[in-house]
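First the structure, in the form of structure tokens, and then the observations on it.
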Amino acid sequence: MTALLAAAFYFLALVTLDSVGRLPPPAFTNSLCADEKLAFFRDNPPQAPTALILGSSAAWRGIASEEIARRHPAAIPLNGSFCGLQVDETAFVADYLLRRYPSVQHVLLLLTQFDMTACSGISARVFDGTHVDDYLSGDGLTWTYYFTYFDPVSLVRNASFVKAARENTLPFYPLVFTAYGDGPQTTDMSRTLDRHRFDTIDPVCVSSLRRLVREIAASGRQLTVASLPLLQPETVRSDLIAAIHDHMVREIKTAISGTNAIFWDGERSAQVVASDFVDSVHLRWTGARRFTSQLVEATGFGAVK
């Protein structure tokens, strides 16, 4: 009886939160921005995408897929990047999305040094693919997932600000999406991003990158790997940052060697300015448009066969 009462109270709380626009999505990943993107895909099912963008929040915020569609009108881009991912986790997402959307012809893997610093040597599973398949397909009642992924602490925390994030009133944490799944940051404000200091590329990340490149090449798809520019604080040694970037570039070039994949070094080639950045990692939407336009022009990414 106690369990039934608790379940009834929990369900009532969910309904109440939903009625006032404060119900977070089911916690498949227990990361609000990633779970919100899955909810976006459920509500806006991608229709036979031809170009898939992969990466972390830098790729989610930093690619303006409208520029791909503008340059290649037959292209149907899908931004499949999720916030907070290391490259081994991106490999998991890539495997899932490429199986779910076999129409994809071109894949863009957009990397920063932050994406290759702390990969897991154990498991990089971001979510349960079977559960997410059912969820995206609209199978079953959405409410059941809140019981399967029961976490009242994160539910309360996320409910406190998810409405504001969806309404784009949090300048540094908007949960809004373009029709292609991009996550634009339109704020005029800037911030100093408090990120852990990194001084090396994780060998586990390198191994994951090589596996990902091989798997995409084996699928017959065209892979483009690109680096995203970073805005470095003045307190960080530029020679150290340059050395780490050069290390990442060497690993990327080794990984794609012998395949038809191409690499574009956006860190060194893209024409961006400080005002294009919200912080050291994420581009403002105006900057994302400018960067994406340069990337497409340089690589031809997205051209439909």
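The values are calculated or read from the model by the stated rules, or taken from the named source; none is laboratory data. Keep in mind that this is a model prediction, so the values were computed, not measured. Methodologically, a virtual Cβ is constructed for each residue, glycine included, from the backbone with ideal geometry; neighbour enumeration extends over all protein chains shown. Accessible surface areas use protein heavy atoms only, side chains included; no ligands, DNA or RNA. Shrake-Rupley method; radii C 1.70, N 1.55, O 1.52, S 1.80 Å.
Quick look at the numbers
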quantity	calculated
Solvent-accessible surface (1.4 angstrom probe) belonging to W285, in square angstrom, nearest 10	20 Å²
Global geometry of segment 214-272, whether rounded, prolate or oblate, following the gyration tensor of its Cα atoms and the 1.5 cut on a/c	prolate
Accessible-area ranking of D18, D115, largest first, probe 1.4 Å	D18, D115
Within the accessible area of segment 137-277 (1.4 Å probe), percent carbon and sulfur	54 percent
Partners for K163 among lysines (Cα-Cα distance below 29 Å; same-chain residues under 8 apart left out)	K37
Helix runs (DSSP H) in the chain reaching 15 Å along axis by Cα, Kyte-Doolittle at least -0.5	2-19, 32-43, 87-100, 203-218, 238-256, 285-299
Rounded accessible area of V296 (nearest 10 Å², 1.4 Å probe)	0 Å²
Accessible solvent surface per residue of segment 53-199, calculated while the other protein chains remain in place, 1.4 angstrom probe, Å²	44 Å²
Bins of 5 Å from zero: percent of alpha-carbon pairs in segment 197-305	2, 11, 19, 20, 20, 17, 8, 3, 0, 0
Listed residues D128, D246, D88 arranged by accessible area, highest first, probe 1.4 Å	D246, D128, D88
Label point distance in nm, T2-T286, each placed 7 Å from Cα along Cα→Cβ	6.0 nm
From phi via Karplus (6.51, -1.76, 1.60), per-residue ³J(HN,Hα) for segment 78-83 in Hz, x at Gly/Pro	9, 8, x, 7, 10, 5
Sum of -39500 (n - 2.57) over DSSP H runs of 4+, divided by residues of the chain (222 nm, nearest 500)	-13500 deg cm²/dmol
Candidates V204, V87, V15: whichever shows maximal mean-square fluctuation once the chain is modelled as a Gaussian network with Cα springs under 10 Å	V15
A243/T192 FRET efficiency (R0 25 Å; Cβ-Cβ; nearest 0.05)	0.65
Cross-link reach list, aspartates and glutamates versus K253, counting only Cα pairs under 19 Å and skipping chain neighbours closer than eight places	D88, D115, D202, E215, D265, E267
Inter-site label distance for F11 and T200 at 7 Å from Cα along Cβ, in nm	5.3 nm
Over 26 Å [Cα-Cα, the chain], rounded percent	46 percent
Portion, in percent, of the accessible area of segment 1-109 that falls on carbon or sulfur, probe 1.4 Å	62 percent
Residue-level accessible surface for R157, protein heavy atoms, 1.4 Å, Å²	120 Å²
Most to least accessible of F147, F28 (protein chains only, probe 1.4 Å)	F147, F28
Distance in nm between pseudo-label sites at L141 and D18 (7 Å out along the Cβ direction from Cα)	0.8 nm
log10 of Debye I(q)/I(0), alpha-carbon scatterers only, for segment 94-209 at 0.22 Å⁻¹	-1.33
